[in-house]
Amino acid sequence: MFPKTRHRRLRQNSPVRELLRETKLEAAQLILPFFVTHGRGVKKPISSMPGQFQLSLDELLKQLAKVEKAGIRAVILFGIPKLKDPVGSEAYAPDGIIQLAIRAIRKSFPDLIVLADLCFCEYTDHGHCGIIKKEGRSNFEVDNDATLEIIRKTAAAQAEAGAHFIAPSGMTDGAVKAIREELDNRSYLKTGILAYSAKYASAFYGPFREAAESAPQFGDRKTYQMDPANIREALKEIRSDIDEGADMVMVKPALSYLDVISKAKEEFHVPVVAYNVSGEYSMVKAAEQLGWMDGERAALEILQSIKRAGADLIITYHALEIAPHLK
Ligand code: PBG
């Protein structure tokens, strides 16, 4: 007969628990997002994301010194343009905000990995993730194939600026293939692609849309982002992105989609990245501010669960605050 303490023996104190911890989270597995804006000395708080800011390049570089020190190796960049227009032309302008940011980072922080989000919702005046076909309140469409053309231009501009990875996030069919072709034709053979393969039409992007000033001006994104009810469709999207040449794939959001992360990890043999999105971050921050939860512990537990589900890397706004608590 086993004694009653059989299982508890393995949890009896912190060294034993550390010895037996199955999931290890490291700062080097976290990717920190930044919102970059024009100007100098700009550090504008994002009210719906406490602790996050829109930063001008000089302020961004100051933050990056802390990022490196914390052991974080990678950042992903979102840009806020000077002017928005129907085709989001600042996304691919050689002096567009993201291109400037990438160049500045590569110069000052040569060891940092730079991922460039590739989408148009921050850059278009209508706030959709591509070129709109029939404009109107209810009758419009994001023109998939016309958008592929500006995706190619943007990928070329980001690669030219020195991005290590291009991360298309607009759920445009054929984006990965178009980007790979463009990069190869221009001999950017080492520039990789992180595909936002399984990106759901989610309420959890709410705070991001304030942060990136990218809320759609009419309609919603349900014709291009995925239905939260579906998992088979996510696996199909991931498979086709890998076939098109994606080096890494993403599931987004993370917390409500742990089953998708787990399945993706099981079925595919490329790195799986999970995006712990703005709403997931802000929920924790809000509860913390109200004194309802220990925010730090909650964040750690959330990140651990995403890792345990199978994510190789996690994009998270918590990265800088959590990194010191890892190891
Ligand atoms: C752009 C984009 C979005 C996010 C990342 N890239 C917003 C959206 O699709 O509306 C959301 C990230 C977050 O919520 O943290 N397409």
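Within the range 196-225, how many residues turn out to be more than 11 Å from the ligand (Cβ to nearest atom) and open to solvent by less than 70 Å² (accessible area, probe 1.4 Å)?
Residues that pass the stated criteria total 4.
What number of residues within the range 226-240 are in a helix (DSSP H, G or I) and within 16 Å of the ligand (Cβ to nearest atom)?
Residues that pass the stated criteria total 2.
Can you confirm whether S305 is touching a helix residue (DSSP H, G or I) at 6+ places or on another chain (Cβ under 7 Å), in contact (Cβ under 8 Å) with a residue 40 or more places away in the chain, farther than 16 Å from A74 by Cα and buried (at least 23 other Cβ atoms within 10 Å of the Cβ)?
The answer is no for S305.
Name, by its number, the condition in (1) in contact with a Phe, Trp or Tyr (Cβ under 7 Å, 6 or more places away or on another chain); (2) under 25 Å from K107 (Cα atoms); (3) among the β-branched types (V, I, T) that does not hold for I166.
(1)
Let's see how each residue does on (1) among the charged types (D, E, K, R); (2) open to solvent by less than 10 Å² (accessible area, probe 1.4 Å); (3) away from the ligand (no atom under 16 Å from the Cβ):
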{"site": "V249", "(1), (2), (3)": "no, yes, no"}
{"site": "Y257", "(1), (2), (3)": "no, no, no"}
{"site": "K263", "(1), (2), (3)": "yes, no, yes"}
{"site": "S282", "(1), (2), (3)": "no, no, no"}
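If you go through the range 160-189 one residue at a time, how many are crowded, with 24+ Cβ neighbours inside 10 Å and more than 16 Å from the ligand (Cβ to nearest atom)?
Of the residues in that region, 0 qualify.
So if I check each of L64, L60, L55, which one is open to solvent by less than 60 Å² (accessible area, probe 1.4 Å), in a strand (DSSP E or B) and at pLDDT 95 or above?
Unique residue meeting the criteria: L55.
Here is a list: R40, R9, R73. Which entry is more than 16 Å from the ligand (Cβ to nearest atom), open to solvent by 40 Å² or more (accessible area, probe 1.4 Å), on the phi < 0 side of the Ramachandran plot and at pLDDT below 95?
Only one candidate qualifies: R9.
Within the range 72-84, does at least one residue satisfy the condition of being in a loop (DSSP other than H, G, I, E, B), within 17 Å of the chain's Cα centre (by Cα) and not polar (S, T, N, Q)?
For the range 72-84, residues in a loop (DSSP other than H, G, I, E, B), within 17 Å of the chain's Cα centre (by Cα) and not polar (S, T, N, Q): present.
Do we find a residue being out of contact with any His (no Cβ under 6 Å at 6 or more places or on another chain), free of Cβ contacts under 8 Å to residues at least 60 places away in the same chain, assigned to a loop (DSSP other than H, G, I, E, B) and crowded, with 16+ Cβ neighbours inside 10 Å anywhere in the range 102-112?
Yes, the range 102-112 contains at least one residue that is out of contact with any His (no Cβ under 6 Å at 6 or more places or on another chain), free of Cβ contacts under 8 Å to residues at least 60 places away in the same chain, assigned to a loop (DSSP other than H, G, I, E, B) and crowded, with 16+ Cβ neighbours inside 10 Å.
Return only the number of the condition from (1) open to solvent by less than 70 Å² (accessible area, probe 1.4 Å); (2) more than 16 Å from the ligand (Cβ to nearest atom); (3) in contact with a helix residue (DSSP H, G or I) (Cβ under 9 Å, 6 or more places away or on another chain) that D294 does not satisfy.
(1)
For the range 288-313, which positions are in contact with an Asp or Glu (Cβ under 9 Å, 6 or more places away or on another chain) and in a helix (DSSP H, G or I)?
Across the range 288-313, the qualifying residues are E288, G295, E296, A298, A299, I302, R308, A309.
A91 - would you say it is of a type in the set (G, A, S) and under 18 Å from the mean Cα position of the chain (by Cα)?
Yes.
Tell me which residues, restricted to the range 265-280, are aromatic (F, W, Y) and more than 16 Å from the ligand (Cβ to nearest atom).
F268
I'd like the residue in the range 126-138 that is farther than 18 Å from S169 by Cα and not basic (K, R) and, out of all such residues, is modelled with the lowest pLDDT.
G136
Can you run down the residue pairs with Cβ atoms below 6 Å, 6 or more apart or on separate chains, where the first is in the range 174-199 and in a strand (DSSP E or B) and the partner is open to solvent by 10 Å² or more (accessible area, probe 1.4 Å) and of a type in the set (D, E)?
G192/D247; I193/D247; A195/D241; S197/E237; S197/D241; A198/E237
The values are calculated or read from the model by the stated rules, or taken from the named source; none is laboratory data. The shown structure was predicted, so the numbers you read here are calculated from the model rather than taken from an experiment. Cβ coordinates were reconstructed from backbone atoms using ideal geometry, including for glycine residues, and neighbour counts include every protein chain displayed. Side chains included, ligands, DNA and RNA excluded: accessible areas come from the protein's heavy atoms. Shrake-Rupley method; radii C 1.70, N 1.55, O 1.52, S 1.80 Å.
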